[in-house]
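Since every read-out is calculated from the coordinates, none of them should be taken as a lab result. Treat the numbers as computed from the prediction; the structure is a model and nothing was measured. Note: ideal-geometry Cβ built from the backbone for every residue, glycine included; neighbour counts use all protein chains shown.
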Amino acid sequence: MEKILSKHFFNPEARRLSFYLQNDGYEAARKALTCMSPQEIIEEVMKSNLRGLGGAGFPTGRKWSFIPKDSPEPRYLVVNCDESEPGTFKDRHIIEWTPHTLLEGVMIASFAIGAHQCFVYARGEYVRYANILQTALEEAYRAGFFGKNIFGTGFDLDVMIHLGAGAYICGEESALLESLEGKKGWPRLKPPFPAVSGLFGRPTIINNTETISYVPVIIRNGGEWFSRLGSLKSGGMRLYSVSGHIRKPGVYELPLGTSLREIIYTYAEGMRNGRKLKAVIPGGSSTPVLTAQEIDVKMDFESLAAIGSMLGSAGVIVMDESACLVKALAVLGKFYQHESCGQCTPCREGTGWMTRILHRILTGRGVKGDLENLVRVANNIQGNTICALGDGAAMPMISFVTKFREEFESHIFHKRCTAVR
Amino acid sequence: MSLETLSDQLLAEISEILAKHPQRRPALLPILHACQRRNGYISPEIERAVAELLGIPVIDVREIITFYTLLLPKPVGKHHLQFCTNLSCHLQGAEESVAAACRRLGIEEGETTADRRFTVTTVECLGACDMAPAMQVNDDYYANMTSDRVNELLDKLS
Ligand SMILES: Cc1cc2nc3c(=O)[nH]c(=O)nc-3n(C[C@H](O)[C@H](O)[C@H](O)COP(=O)(O)O)c2cc1C
Ligand code: SF4
Ligand code: FES
């Protein structure tokens, strides 16, 4: 299968504009701006079945179509490069190795929604990688790809790269907007949705870095071509981040619908030291865990939903028999407690409760009823909060405790860890 | 007048940032980043000066500094060792590397050496789980930080 975004990963030459141009760079943008109407672009993206790759999987073309048409009001494109979901590192690879692909996607998406200003929000830790993107942007400006009157079409576009400052919650789209406005990242109540009232109260489209980066190839080869690469309702390819107890951690670009088994055993070369697979988180830390028996699932949005999990950010975290799942869950609990913005009581208090219960179990002080309480607290968070961080904290709790109950009970009742060391 | 706390260089950088932002408040985070890059942390004096410059209450600036973990209200060592201990790094033994660094430097996690050269902290996922155990020293990422590699790195950093 021919690679799209990862074709030139790890080749520093590929970052340069000259290299990109030699490989048909900015030709899709030229086609979009000079031969297509915004509506035609949106229709092509709809046909492609491209879905949001930041986590929620919302159809991208449909999202763009929500932007008010024929209104003089300014609107914005915001690219989400906050990438803080544990287990996810694909957006970093994009801005490090193929920054111009993202920028070309930005140009096409901005034209399609009628935005003249785009903000790229990168997590603060990525300062080195954001600098690579900044260098690429400056190169592209100098070549006339950004700024005024692009390709002589009269279309103007400016792009600004903005650095976050260490807060997982700023990856949530409305918290990200607050952060861009210079405030702390407190998610907003929705509706109104950003497409109606987003940055500075203006219509705003927010997309993940990878989502936007697939736009140029869709315009170049057509939406139908892209859609055929994937499975029925999830078009194209995507970048799977694979980490944990695996021989070859890394980013693998494969069609939507590739089986998890294939990703683990064929591409990431299987388990280390002949260890047995125990558990896999399929789509970033917030998605429900799978057992070793469930890995024949196809990695697309529908197939994972059908077995009670989610594709999320496609951050695959692999755990072998040496992993203590009580400890693993406690690590995640602490993360969500630390990152909860504190606006909603169930999330703020619940993440603390769950972490304390897990810590107690882990240190041999677990008591009967702890697991019931853990699940009860998680259930009280789910669906009762402003943003999805609460759900993201609850889902691992419920799935770990349900699927690996004996391991937790062994810690509570026998004060014994069952992990194979 | 607390604006004098800001060096001329920093003031120049700040006016450049302000020129890029049609509104002032969205410039706050970039300005605080600039202050921290120049001064290593954001002192109460800088906090006041920035508030004055933007015409906003000091508490608004304080609120931002306490919300975002990368903004530092206190100085750290010349080399800020930030070990990821989230799941993928934990699975590869991140805690051992933290312990190795602390042992070698004679400090606890969260502390700075007496000579102010090193600070050790633990952080959440760095978006570098392919490099697990991963760490960040100031702006740079480091991969596969086993105890041995931590010691090698500490030999190199001065
Ligand atoms: C707590 C939380 C953290 C999130 N972090 C990210 C992130 O780091 N990057 C991202 O693209 N989306 C993240 N999202 C999803 C965004 O809110 C949003 O759905 C996404 O950026 C939309 O782009 P897409 O449709 O292209 O996926 C997060 C959501 C939540 C609730
Ligand atoms: S769910 Fe949690 S993170 Fe989201 S708004 Fe509520 S308190 Fe904040
Ligand atoms: S878990 Fe350590 S970098 Fe992601």
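Straight-line reach from residue B:78: taking Cα to Cα under 26 Å and skipping same-chain neighbours fewer than 8 places apart, the lysines in range are B:156. Residues whose amide H comes within less than 5 Å of that of residue A:290, counting only those at least five positions distant or on another chain, are A:280, A:281 (H built at 1.01 Å from N in the peptide plane). Measuring between alpha carbons in the structure, the pairs from A:7/A:31; B:20/B:74; A:327/A:368; A:90/A:403 lying more than 24 angstrom apart are B:20/B:74; A:90/A:403. Of all the options A:88, A:355, A:345, the one that moves most in a Gaussian network model of chain A with Cα springs shorter than 10 angstrom is A:345. Loop-located chymotrypsin sites (Phe, Trp or Tyr not before Pro) in the range A:300-355 (DSSP state not H, G, I, E or B) with no more than 16 neighbouring Cβ atoms inside 10 Å do not occur. Footprinting exposure proxy ranking of B:16, B:52, B:108, fewest other C-beta atoms within 10 angstrom first, gives B:108, B:16, B:52. Over what distance in Å are the Cα centres of the range B:89-158 and the range A:378-392 separated? When both Cα centres are located, 33 Å separates them. Could you tell me which of A:331, A:311, A:200 has its Cα farthest along the dipole of chain A towards the positive end, charges placed at Cβ (Lys, Arg +1; Asp, Glu -1), taken about the Cα centre? Result: A:331. Peptide A:125-135 shows a mean partner chain C-beta count of 3 within 10 Å per residue C-beta. Length available on full extension from residue A:62 to residue A:368: 0.36 nm per residue minus the Cα-Cα distance, which gives 105.3 nm. The order of B:15, A:213, A:313, A:399, going from fewest to most other C-beta atoms within 10 Å of their C-beta, is B:15, A:399, A:213, A:313. Quick one: which of A:47/A:190; A:47/A:233; A:334/A:415 span more than 18 angstrom between C-alpha atoms? Table pairs above 18 Å Cα-Cα are A:47/A:190; A:334/A:415.
Put simply, the amide H of residue A:238, placed in the peptide plane, has neighbours under 5 Å in A:254, A:256, leaving out anything fewer than 5 places away on its chain. Choose one of B:98, A:46, B:9: the residue whose Cα lies farthest towards the positive end of the charge dipole of the protein assembly as shown (beta-carbon charges +1 Lys, Arg; -1 Asp, Glu; about the Cα centre). After comparing all options, I get B:98.
Listed by chain and number, the aspartates and glutamates whose alpha-carbon sits under 16 Å from that of residue A:148, ignoring those within fewer than 8 places in the same chain, are A:104, A:138, A:139, A:156, A:158. Counting, for every residue in A:84-90, the Cβ atoms of other protein chains within 10 Å of its Cβ and taking the mean gives 6.
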